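Below is one structure, written out as structure tokens; the observations come after it.
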Amino acid sequence: DKDLVFDALTKEDLPLAEELVKQPKPNEEAYLLRISSLVSRLKEAPDPKFPGQRPVEAIQAFKKVPFVVIQFKLQAGAAIPFHDHREYIGILSAVAGEARVKSYDVQGDDPRPPKGKTFQIRETGDRLLTPGRLSYLSRRQDNIHDVRAGKEGARLLDFFTFFKEDGTSVYLNVEERAKDAEKRIYEASWK
């Protein structure tokens, strides 16, 4: 496996993303594993000039729907708090620094409980991303996550594949204390 430059990675991924979203029953996990292998070969990320000094800055690095790449810069201790990913999937990769990514699944049969209702989420992963390490989510697995930069801050690349152009994220309120600590289940509601 040779290292990939960013342009080669996007050129290789785009047709895979286009094929995935056409499928009546897409195998998201197989696709994510394949793309993870490409992302893990990325030699270096684009070096953007972020516009300001907010705790979390974002710049679009590539966009040709259904494939979009966003680069984030998080200052020390900054967070992209609990949010879901509606109609899109992704791979998050650390470029510099470190970030803790905690992943969750909605409990029950409805992955989108109604707004205004409390529901339960279960922690499914707790991963420290450092350069070269990845985290991924599908529409049914690990779809909710909380991303927090370490004491040095973090620069991250998010590789998204959209099943619908209007895919979006909704943020959640999550109780700090687990409802069931052993099973890592928390009470949550949509913001």
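All conditions in (1) within 17 Å of the chain's Cα centre (by Cα); (2) within 22 Å of residue 146 (Cα to Cα) hold for residue 77, with the sole exception of (1).
Out of curiosity, is residue 157 surrounded by 16 or more Cβ atoms within 10 Å (Cβ to Cβ), within 26 Å of residue 24 (Cα to Cα), hydrophobic (A, V, I, L, M, F, W, C) and touching a residue at least 60 places away in the same chain (Cβ under 8 Å)?
When the stated conditions are applied, residue 157 does not pass them.
Scanning segment 99-126 for residues that are open to solvent by 60 Å² or more (accessible area, probe 1.4 Å), among the acidic types (Asp, Glu) and modelled with pLDDT of 95 or more returns a single hit, 126. Identify, please: which residue in segment 76-98 is small (Gly, Ala, Ser) and more than 14 Å from residue 136 (Cβ to Cβ) and is, among those, surrounded by the most Cβ atoms within 10 Å (Cβ to Cβ)? Here the answer is 97. Against the test of being modelled with pLDDT of 95 or more and open to solvent by 40 Å² or more (accessible area, probe 1.4 Å), the options 49, 43, 63 yield a single qualifying residue, 63. Looking across 11, 63, one residue alone is basic (Lys, Arg) and either touching an Asp or Glu at 6+ places or on another chain (Cβ under 8 Å) or assigned to a helix (DSSP H, G or I) (or both). It is 11. Answer yes if at least one residue in segment 132-142 is open to solvent by 40 Å² or more (accessible area, probe 1.4 Å), in contact with a Lys or Arg (Cβ under 6 Å, 6 or more places away or on another chain), in a strand (DSSP E or B) and at pLDDT 95 or above, and no otherwise. No - not one qualifying residue is present in segment 132-142.
The values are calculated or read from the model by the stated rules, or taken from the named source; none is laboratory data. On a predicted model such as this, the values are computed, not experimentally measured, just so you know. Every residue, glycine as well, gets a Cβ built from its backbone with ideal geometry; the counts of neighbours run over all protein chains shown. Ligands, DNA and RNA are excluded from the accessible area calculation, which covers all protein heavy atoms including side chains. Shrake-Rupley method; radii C 1.70, N 1.55, O 1.52, S 1.80 Å.
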